[in-house]
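K.L.:
Got a structure here, written out as structure tokens. Questions coming.
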Amino acid sequence: GRYNLIFYLKICFPNDYWIQFHPFNSFVSWFGDLEIGLKETMEHGSFTDNSAATFSLTDEDHTIANAIRFTLNQDQMVTFCGYSIPHPSEARVNIRVQTTGDPAREVLKDACQNLMLMCRHVRCTFDKAVEDFKASNAVKAMKIDSQDSSGDDSEESE
Amino acid sequence: MAEGAGEEKKKFSIWDLPDVPMGQLPPHLELQRSRVSCNKDAPIHTESIQYSGAYASMGIDNSSRLDLFSNNFRVEVVRLNEDDIEFDMIGIDAAIANSFRRILIAELPTMAIEKVLIANNTSIIQDEVLAHRLGLVPIRVDPRLFDYLSENDQPNEKNTIVFKLHVQCKRGSPRITVKSDALKWLPNGSELVKETRNATSDSSSKPEIYTYFGCSQETVPEFVKNPIIPKYPDIIIAKLGPGQEIELEAHAVKGIGKTHAKWSPVATAWYRMLPEVVLLEDIEDDLAEELKSKCPVNVFDIEDLGKGRRRATVARPRACTLCRECIRGDDWEKRVALRRVKDHFIFTIESTGALPPEVLFTEAVKILEDKCERVITELS
């Protein structure tokens, strides 16, 4: 038979919550006297078969987990993916990934990359749409102004 | 219709049927995949079929690859004011739209009053109630110009905004209402001095103060012409009777909506899917009149076919509020179908004033990107 060894791979990334989230914030120093929050991502898998694993992310909730689950589903190498929140009072999300042979961690990373690219595209499209709308509104406002100033005669003649 | 895919005994292929277009789903499966059918009792087909291999047995790839997404995704702005925006996002999934909505409500930072130092409060509003009300007042300042203030930090000009409120109702004068325009911005920091308990302290030592402003906030270019004030000057904070006085200082810091709702930058943000109203059969004459009068938001219109015959048409499906009046009653469900398009979202964002709504949405998308990046770095 096959012996599946369960191992815990603890990646401790001591980091300040706020700095990581808001990189446009350039005033705070990295190594100030800030309270260091421990952030862990645990991967529960097996030594022999790395195509199926559960990733436990701390300080996350449905916001990122559902979006990652969506992009994971779109990946063709994924046979099963899902997420669960073990307890609502604890900010932790378990994401389960099972693939057709590729290492689960790489597939999850690819899914996150895809999500980032999608977000970038959404942002560009939205910015362009807002600019176009503002430009077309400005044109309309100018047209209305010019019609008001010279429009009385033409309206009466119609 | 015997559309069972892949039956071995007859080598029957679904593509041999005459009415199935090549490379696409048959119409009823396409309906199930892309529309929510809102029936009289409950909607069906509400889940989005995300799995890439969902239709693998039919040879159709359900995965939305990035290039397909980039080509099909569209944004159309319907309305844009100073305080709110309504726009359509077409071609995106509900999971991502919901992520944006959640980030807009709970994870975009703003500035709000957190600490209130009360020097004198003889009004009937209790201290804590007054402080709570002050915290909820929206402040018109760009939160991106400030940093977070954690417990070990000193409050300085880069992470704190100081306001002062000093109102007094003199004896003999009528009651006054304290509105939010009474909050005055102190660009040089706090003016109060900490009380030192030490009775034997030497009088030559400098008194401790609450904030350590290195330079005045007025020198920052963004604040030169726009002083920091509450967004709405007519919010009632307290009411004073004769002889009552309020003197306090309020410190505003940066936070996110998850910690407390006062830091949420949107009054609210919501989305709905585009409604689609389909007439399954021709509705004429009296039935058409009845249908038009049933709908409270005037989705339907009557058009004349000539010779006195009239027909009902769907004029404004976007206004449909899904009240289901048009399918109430006998037989109406066979004539009218209410559906929602699963990948077309009508987003509305109402900002409280710190940032314009289109900037809010852009920042929310950036925050989702940052979260992904954090997950990627943690996995590597």
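The values are calculated or read from the model by the stated rules, or taken from the named source; none is laboratory data. Keep in mind the model is a prediction, meaning the values are calculated, not measured. With ideal geometry, Cβ positions are generated from the backbone for all residues, glycine too; neighbour counts draw on all protein chains shown.
K.L.:
I need the full set of residues from the range B:231-268 which are part of a loop (DSSP other than H, G, I, E, B) and hydrophobic (A, V, I, L, M, F, W, C), in order please.
P.N.:
Within the range B:231-268, B:Ile235, B:Ile256 qualify.
K.L.:
Among the listed residues B:Pro317, B:Pro357, identify the single one that is closer than 24 Å to B:Gly91 by Cβ, touching an Asp or Glu at 6+ places or on another chain (Cβ under 9 Å) and more than 14 Å from chain A (Cβ to nearest Cβ).
P.N.:
Only one candidate qualifies: B:Pro317.
K.L.:
Can you name the condition, by its number, that B:Asp153 falls short on among (1) under 30 Å from B:Asn226 (Cα atoms); (2) buried (at least 20 other Cβ atoms within 10 Å of the Cβ); (3) without any contact (Cβ under 8 Å) to a residue 40 or more places away in the chain; (4) not small (Gly, Ala, Ser)?
P.N.:
Condition not satisfied by B:Asp153: (2).
K.L.:
Can I ask one more? Hey, among B:Lys258, B:Lys292, B:Lys307, B:Lys254, which residue is surrounded by 14 or more Cβ atoms within 10 Å (Cβ to Cβ) and assigned by the TED database to the domain that holds B:Asp343?
P.N.:
B:Lys292
K.L.:
Oh, and also: Output yes when any residue across the range B:31-46 is within 14 Å of chain A (Cβ to nearest Cβ) and either exposed (fewer than 15 other Cβ atoms within 10 Å of the Cβ) or hydrophobic (A, V, I, L, M, F, W, C) (or both), and no when none is.
P.N.:
Looking through the range B:31-46, none of the residues is within 14 Å of chain A (Cβ to nearest Cβ) and either exposed (fewer than 15 other Cβ atoms within 10 Å of the Cβ) or hydrophobic (A, V, I, L, M, F, W, C) (or both).
K.L.:
Scan (1) assigned to a helix (DSSP H, G or I); (2) closer than 30 Å to B:Phe69 by Cα; (3) touching a Phe, Trp or Tyr at 6+ places or on another chain (Cβ under 8 Å); (4) away from chain A (no Cβ under 14 Å) for the single condition B:Leu291 breaks and write down its number.
P.N.:
(2)
K.L.:
For the range B:43-63, which positions are part of a loop (DSSP other than H, G, I, E, B), in contact with a helix residue (DSSP H, G or I) (Cβ under 7 Å, 6 or more places away or on another chain) and of a type outside the set (S, T, N, Q)?
P.N.:
Matches in the range B:43-63: B:His45, B:Ile49, B:Tyr51.
K.L.:
Taking strands (runs of 3 or more DSSP E) that do not extend beyond the range B:73-184, which have at least 3 residues that are at the interface with chain A (Cβ under 10 Å from one of its Cβ atoms) and closer than 29 Å to B:Thr348 by Cα?
P.N.:
B:74-80, B:84-90
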